[in-house]
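The values are calculated or read from the model by the stated rules, or taken from the named source; none is laboratory data. Keep in mind that this is a model prediction, so the values were computed, not measured. Neighbour counts are summed over all protein chains in view; Cβ atoms, including those assigned to glycine, are modelled from backbone coordinates with ideal geometry. The accessibility values were calculated without ligands, DNA or RNA, using every heavy atom of the protein model including side chains. Shrake-Rupley method; radii C 1.70, N 1.55, O 1.52, S 1.80 Å.
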Amino acid sequence: HVKRNGKNNYMFYCNQMQDEVKNKAEIEGILRAAIKEDGFELAYQPQVNVGSAEIEGFEALLRLKHYQLSPDKFIEIAEETGLIKEMGRWVTTEVIRQIADWRDKGYELKPVAINFSSKQLRDDEYVDFLDKTLQFYKVPPHFIEIEFTESILLENNSDTARFIQSFKKLGIRLALDDFGTGYSSLNYLTFIPVDKIKLDKSLCEKFLGMDNIKAMNSLIALVHSLHLVITAEGIEDIEQYERLKAGGCDYIQGYLFSKPLKKEEVEKIYNCNFTNKIRH
Ligand code: C2E
Ligand code: MG
Ligand code: MG
Ligand code: MG
């Protein structure tokens, strides 16, 4: 910014920038402390089968135990500082440990999705680490779903291809997250071996309005014709649900059914279905 109105204005910009820097540094400090002192926890959001209203699986979402800070904010800083590597590994171990814990308590196994940042492509040994952790807890690989966004495709082509191949080889499921927020080239869908497309909340909001519902139905049909399944994200109301059901959407994740839950809360609803939320 150009200094325009004398000293005060200059000070204003200066302070603001310092605040921003301090804020990032503060968050970095919080993340470093959380890595050292067991300061993370996971929230699990149910993914609901549209036909049966049963819980098909969960998405694991990272939280700080002692701070109300959105992952949209702290994940970015984790990526910039490289802390994402250790955090990503913590999430992976915790998810697999949790799946094993639920199994040992007698719950039927259900898949859990893990978000994988494109910056984790720098963690060369990640797939090996994932494999060993699955073996240690005796969890079959197809109960893990890796969610990545199309940003991974723009990051580094040879690393991306190598990671995707090794995930596939291990038997991990793959989901393309936030579909509809970036370039969302349909071309991707023909060459990345994903199993699932996750439609972003913003796209659902636009395409579930009366004017665009035909486009939504065509998109669902297109995804199915590529032999992929489709999850709609951020679904909050019953009208959206009904339109998605009519269009043949497979899964819904959203506040209509459930917010992300603490692990103890998950145990109360693990085998429930949500028919009560869709009955009039
Ligand atoms: P995402 O992977 O697209 O996750 C879905 C986000 O939408 C979650 O936000 C979830 O709480 C929110 N959501 C779900 N249903 C609704 C709804 O009906 N209404 C509204 N308003 N929101 C809904 P959250 O937990 O704040 O996470 C934000 C993003 O942070 C995630 O977006 C993901 O990109 C990232 N993230 C979260 N945990 C991790 C992690 O462990 N690793 C990485 N790399 N990224 C993560
Ligand atoms: Mg996700
Ligand atoms: Mg998403
Ligand atoms: Mg997102």
Q | Accessible surface, segment 19-100, averaged per residue in Å² (probe 1.4 Å) | A | 48 Å²
Q.
With the crude spin-label approximation of a point 7 Å out along Cα→Cβ, what separation in nm comes out for Glu242 versus Leu69?
A. 4.3 nm
Q. Can you list, bin by bin at 10 Å, the percent of alpha carbon pairs in the chain, starting at 0?
A. 6, 26, 32, 23, 9, 3, 1
Q: Please give the helix 84-104 orientation as an angle from the longest Cα principal axis of the chain, in degrees from 0 to 90, rounded to the nearest 10.
A: 30 degrees
Q. Going down the table (Lys85/Lys262; Lys168/Lys196; Lys65/Lys262), which pairs top 19 Å between alpha carbons?
A. Lys85/Lys262
Q | Over 30 Å (Cα to Cα) - which of Lys24/Lys201; Lys169/Lys277; Lys36/Lys169; Lys105/Lys201 fall in this group | A | Lys169/Lys277; Lys36/Lys169; Lys105/Lys201
Q. When the C-alpha atoms of segment 138-280 are aligned to their principal axes, what extent does each axis show, in angstrom, from largest down?
A. 50, 43, 23
Q.
Over the Cα atoms, compute the radius of gyration (one decimal) and Dmax (the largest Cα-Cα distance, rounded to a whole number) for segment 53-122, in Å.
A. 13.9, 41
Q. Carbon and sulfur atoms: what percent of the 1.4 Å accessible area of segment 59-150 do they account for?
A. 50 percent
Q: Could you state the angle between the C-alpha long axis of helix 238-247 and the longest principal axis of the C-alpha atoms of the chain, as a value from 0 to 90 degrees rounded to the nearest 10?
A: 60 degrees
Q: Excluding Ser70 itself, calculate the net charge of residues whose Cβ lies under 13 Å from the Cβ of Ser70, where each Lys or Arg counts +1 and each Asp or Glu counts -1.
A: 0
Q) Between Leu186 and Met210, what FRET efficiency comes out of the Förster formula 1/(1 + (r/R0)^6) with R0 = 22 Å and r the beta carbon distance, rounded to 0.05? A) 0.35
Q.
Cut-off 10 angstrom, C-alpha nodes, Gaussian network model of the chain. Which of Asn156, Asn23, Asn115 fluctuates the most?
A. Asn23
(Q) Using only the alpha-carbon atoms, how far is helix 157-170 inclined from the longest principal axis of the chain? Give it as 0 to 90 degrees, nearest 10. (A) 40 degrees
Q: First compute the accessible area of segment 193-258 with a 1.4 Å probe, then give the percent of it belonging to carbon and sulfur atoms.
A: 53 percent
Q | Relative contact order of the chain, pairs being alpha-carbon contacts under 8 Å that are 6 or more residues apart, as % | A | 19 percent
**Q.** DSSP beta bridges in segment 39-150 [antiparallel fraction, %, rounded to 5]
**A.** 60 percent
